[in-house]
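Peer 1: One structure, as structure tokens, below. Some questions next.
The values are calculated or read from the model by the stated rules, or taken from the named source; none is laboratory data. Owing to the predicted nature of the structure, the values given are computational and were not obtained by experimental measurement. Positions of Cβ are generated from backbone atoms using ideal geometry, with glycine treated the same way; all protein chains shown enter the neighbour counts.
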Amino acid sequence: MLTTQIEISDQPLNIQSCIDWVMSPQSGGIDVFIGTVRDSTKGKAVMRLEFEAYEPMALKEMQKIAERAFEKWPVQKLLIHHRTGILQVGEVPVIIAISCAHRQAAFEACLYVIDTLKQTVPIWKKEIFEDGEVWVAAHP
Amino acid sequence: MLTTQIEISDQPLNIQSCIDWVMSPQSGGIDVFIGTVRDSTKGKAVMRLEFEAYEPMALKEMQKIAERAFEKWPVQKLLIHHRTGILQVGEVPVIIAISCAHRQAAFEACLYVIDTLKQTVPIWKKEIFEDGEVWVAAHP
Amino acid sequence: MKVNVLAFGIAKDIFGSSSVDVELPGQNTTGSLKKSLEERYPRLKQLASYMVAVNNEYAPDQEILTERDEIAIIPPVSGG
Amino acid sequence: MKVNVLAFGIAKDIFGSSSVDVELPGQNTTGSLKKSLEERYPRLKQLASYMVAVNNEYAPDQEILTERDEIAIIPPVSGG
């Protein structure tokens, strides 16, 4: 049985099918994190976001995160889908779904995956404002 | 704007519509907990579960949990749907979905809601085995 | 005073009914209701614990009951 | 030795291209590649930080490069 599904796609992510994929008769709890594009950052209106990925390396780094999560918690199935390209406010750049026999592990593993993804996976986000654009976190 | 949605229903829960309800242009992160019926408990095969609720009180207790979550974390929208009746293995007894500007709060609030729900909300679960049935947690 | 008591989960099995009438001979409190019920249904005492709810709120043993209250026996909950 | 370097995010803007060729005059290491790039593109030094990836793995400054390696400049990531 495949226990990990990692994808990068420029198409809208399908939340329901992600959740369906991690469900199993052995799991008692699923935690799902869904990132969404906010309409503002630091009080400034955001028009849209643009995500760029170094795909082969990003997939490899996500795979490492997944393996680490399986080592640290009794995870049953783990899914990470990340979107690239232009996203409007309200759209979903990332879905992480994790099933476990018990809920505490699912929560901890899911928070670990999103926190680590934001630190190590080579994906970049550009915020587009009415009067300009900026690569997030690029400058001190 | 309504920021809380609490429901008890004997019909299958709709995960996607729960998530859609908590999404908003102000939210940056959504955490969702989905309970599912496991096929076994303490090594014994479970045929199905039966959930019974003291509905008016259960709704009131869930409302209290939601209010407490809003006090403790910067929650934007919070949804709790709980199912009653007979559920087969793999079906979903509970969905909790919480949107926040930032993810950490969404995770903490969601774990708080499910943990507290399991302690205080008057809903009961009967496990049906091949050779009998038992109300969960009734006896020491 | 006579009160009507709702039962859920295993309490419904123990009472053999989803509600029972209970005559309270002494004090009209939650505590004396529990005592009366435990005499009539000894299996109640074998539960891990149980609470009484009065008008949809968990009630302490000293709570005074009236005939108009909605009273319910709440065995250990197991939702979610 | 000449290496080809991929650029992403703000590094692509700084290089004005999604890849550049770099002649390494001295040591064939990640560290000397960074030094060469910073001389040619001073804006690189204004970044909060940046890493070099060699064959899809983050590489330390001492890593030896070859012409066949896939080399990429990784500015601060911001996915999720």
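Peer 1: Go through region A:99-128 and count every residue that is more than 11 Å from chain D (Cβ to nearest Cβ), outside any helix (DSSP H, G or I) and touching a Gly at 6+ places or on another chain (Cβ under 9 Å).
Peer 2: Matching residues across region A:99-128 total 4.
This table checks each residue for (1) in contact (Cβ under 8 Å) with a residue 40 or more places away in the chain; (2) buried (at least 19 other Cβ atoms within 10 Å of the Cβ); (3) closer than 17 Å to B:Tyr54 by Cβ.
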site	(1), (2), (3)
C:Val3	yes, yes, yes
C:Leu6	yes, yes, yes
C:Ile14	no, yes, yes
C:Glu23	no, no, no
C:Gly26	no, no, no
C:Gly31	no, no, no
C:Pro42	no, no, no
C:Lys45	no, no, no
C:Met51	no, no, yes
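Peer 1: Could you run through region A:3-37 and say how many residues are over 18 Å from A:His82 (Cβ atoms) and among the hydrophobic types (A, V, I, L, M, F, W, C)?
Peer 2: Here the count works out to 2.
Peer 1: Still on this structure, I have one more. What number of residues within region A:40-54 satisfy the criterion of being of a type outside the set (A, V, I, L, M, F, W, C), surrounded by 15 or more Cβ atoms within 10 Å (Cβ to Cβ) and either free of Cβ contacts under 8 Å to residues at least 60 places away in the same chain or more than 14 Å from chain B (Cβ to nearest Cβ) (or both)?
Peer 2: Residues meeting the conditions: 4.
Peer 1: Still on this structure, I have one more. I'm checking my understanding of the structure. Among residues of region A:86-98 that are more than 8 Å from every other protein chain (Cβ to nearest Cβ) and surrounded by 15 or more Cβ atoms within 10 Å (Cβ to Cβ), which one is farthest from A:Thr3 (Cα to Cα)?
Peer 2: The residue in question is A:Leu87.
Peer 1: Among A:Met57, A:Met62, which is touching a residue at least 60 places away in the same chain (Cβ under 8 Å), of a type outside the set (Lys, Arg), within 11 Å of chain D (Cβ to nearest Cβ) and not in a strand (DSSP E or B)?
Peer 2: That would be A:Met57, the only listed residue that is touching a residue at least 60 places away in the same chain (Cβ under 8 Å), of a type outside the set (Lys, Arg), within 11 Å of chain D (Cβ to nearest Cβ) and not in a strand (DSSP E or B).
Peer 1: Taking region A:15-39, which residues are in contact (Cβ under 8 Å) with a residue 40 or more places away in the chain and in a loop (DSSP other than H, G, I, E, B)?
Peer 2: Hits for region A:15-39 are A:Met23, A:Ser24, A:Gln26, A:Ser27, A:Gly28, A:Thr36, A:Val37, A:Arg38, A:Asp39.
Peer 1: Looking at B:Phe70, B:Phe129, which one is at pLDDT 95 or above, in contact with a helix residue (DSSP H, G or I) (Cβ under 9 Å, 6 or more places away or on another chain), surrounded by fewer than 22 Cβ atoms within 10 Å (Cβ to Cβ) and hydrophobic (A, V, I, L, M, F, W, C)?
Peer 2: After applying the criteria, what remains is B:Phe70.
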